[in-house]
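Working notes for the structure below.
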Amino acid sequence: MTNTVDDGPGTGRESGTQALDRALRILLAFPREEPERKVSDVSRELGLHKSTASRLFRALTDAGFLQRNEETGMYRLGVTVFDLGARFLAGLDMHAIARPLLRELAEREGESVNLGIRDGLDAISIDVVQGTRNVQLVSRLGRRIPLWCSAAGKALLLDHGDAEIRALLAGAPWTALTSRTITDIDTFIERFGEVRERGWAGNDEESEEGLRVVAAPVRDRMGTIAASISVSGPIFRLDDARMAELAAAAVRTADELSRRIGHGVGEIWGS
């Protein structure tokens, strides 16, 4: 939106585009820390003549985008803004939104990419995109892997404290899937501290021989971890340096998916 200065009432009626631009700038001039504002303050901040601002405030109020406090004469965002936000959130389909991002990541890095969610004590793949390089170790759609021996599962646990993890995994069987699978909760919790610090998780042949995986968390609008994005490949191709590169790529993609499904909206709405 342009940051134009209003020349006042004597310059002719504003165009529809100009009026829309100014109306949107007015709506964006209500920060969380100052929910109620005066017309004069907003008009001065935006460089609008007060008569122009007053006309736009009335129009926005009539449409429900603003509400006027009859006692103070100040304005705040109205229920129509909330309704639009609710419609946006209701229309979010993480799977559909994630698909092009997963495909882009797989094509760019050449390795297979998974979108995973938690179901009980397992991480389950809800979308899989095969990589472009030769020799792919592809997880099948719907495959379940225990949380404690999968990168996706560990990423889904990143916000859990030690006590929460101990309670969640108290009844886990801790079955060894490979010689590198962690088989007791104390060792898992001890090593999980490093995972929390770096913000992404790894799987070094813990669920399948010859397979290495990195995974990053996807957060919903309230900041809760809702899913994970993982990148996997054969151990001969994924040395430690490559694992770090793929982890950074997974984090970027997970952050972008988080943004697209509304991460941060909860802060804007104050909820």
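Each value in this text was obtained by applying a stated rule to the coordinates, not by laboratory testing. Everything quoted here is computed from the prediction, not taken from an experiment. Every residue, glycine as well, gets a Cβ built from its backbone with ideal geometry; the counts of neighbours run over all protein chains shown.
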(Q) Can you list residues from other chains, or at least 5 along the same chain, whose modelled amide H is less than 5 Å from the amide H of L66? (A) T61, G78
(Q) Pairs of alpha-carbon atoms within less than 8 angstrom and 6+ residues apart define the contacts here; what relative contact order does the range 48-105 have, in percent? (A) 19 percent
Q) Any idea what angle helix 16-27 forms with the longest principal axis of the chain, computed on alpha-carbon atoms, 0 to 90 degrees, nearest 10? A) 70 degrees
Q. Distance in nm between label sites at L84 and M222, each 7 Å beyond Cα in the beta-carbon direction?
A. 2.5 nm
Q) What is the magnitude of the charge dipole of the chain about its Cα centre, with +1 placed on the Cβ of each Lys and Arg, -1 on the Cβ of each Asp and Glu, and no other charges, expressed in debye to the nearest 20? A) 880 debye
Q | Extended-chain gain in nm, criterion 0.36 nm per residue less alpha-carbon gap, A176 and R191 | A | 3.7 nm
Q | Residues whose placed amide H lies under 5 Å from that of A226, excluding near-sequence neighbours | A | V218, R219, D220
Q. For the range 32-131, treating each Cα as an identical point scatterer without solvent, what Debye log10 I(q)/I(0) comes out at q = 0.20 1/Å?
A. -0.99
**Q.** Separation in nanometres of the label points that stand 7 Å from Cα toward Cβ, at D255 and D239
**A.** 2.7 nm
Q) Which value in deg cm²/dmol, rounded to the nearest 500, describes the helix-derived mean residue ellipticity at 222 nm for the chain, given -39,500 (n - 2.57) per DSSP H run of n ≥ 4 and division by the residue count? A) -13000 deg cm²/dmol
**Q.** Computed FRET value (nearest 0.05) for D21 with D159, which takes r as the C-beta separation and R₀ as 41 Å
**A.** 0.55
**Q.** Total formal charge among the other residues, if their Cβ is under 10 angstrom from that of P146, Lys/Arg +1 and Asp/Glu -1
**A.** -1
Q | Hydrodynamic radius by Kirkwood, which averages 1/r over all alpha carbon pairs of the chain, in angstrom | A | 21.6 Å
Q) Pairing the Cα long axis of helix 79-90 with the longest principal axis of the chain, what angle in degrees results, from 0 to 90 and rounded to the nearest 10? A) 20 degrees
**Q.** Vicinal HN-Hα couplings computed from phi for the range 51-56 (Karplus, 6.51 cos²θ - 1.76 cosθ + 1.60; Hz; Gly/Pro x)
**A.** 5, 5, 4, 4, 5, 5
Q. What relative contact order, as a whole-number percentage, does the chain give when Cα pairs under 8 Å and 6 or more residues apart are counted?
A. 14 percent
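How high is the FRET efficiency from T61 to R143, r the C-beta distance, R0 45 Å, rounded to 0.05?
Taking R0 as 45 Å, the efficiency between T61 and R143 is 0.25.
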(Q) Show me, for the range 113-121, the HN-Hα J-couplings you get by feeding each phi into the Karplus relation (A = 6.51, B = -1.76, C = 1.60, θ = phi - 60°), rounded to Hz, glycine and proline as x. (A) 10, 10, 10, x, 10, 8, 9, x, 9
**Q.** For M74, residues with placed amide H under 5 Å, excluding near neighbours
**A.** N69
Q | Using θ = phi - 60° and Karplus 6.51 cos²θ - 1.76 cosθ + 1.60, couplings along the range 230-238 (whole Hz; Gly, Pro as x) | A | 10, 10, 10, x, x, 4, 5, 9, 10
Q. Mean separation of Cα pairs under 8 Å and 6+ residues apart, divided by the residue count of the range 159-228: what relative contact order is that in percent?
A. 23 percent
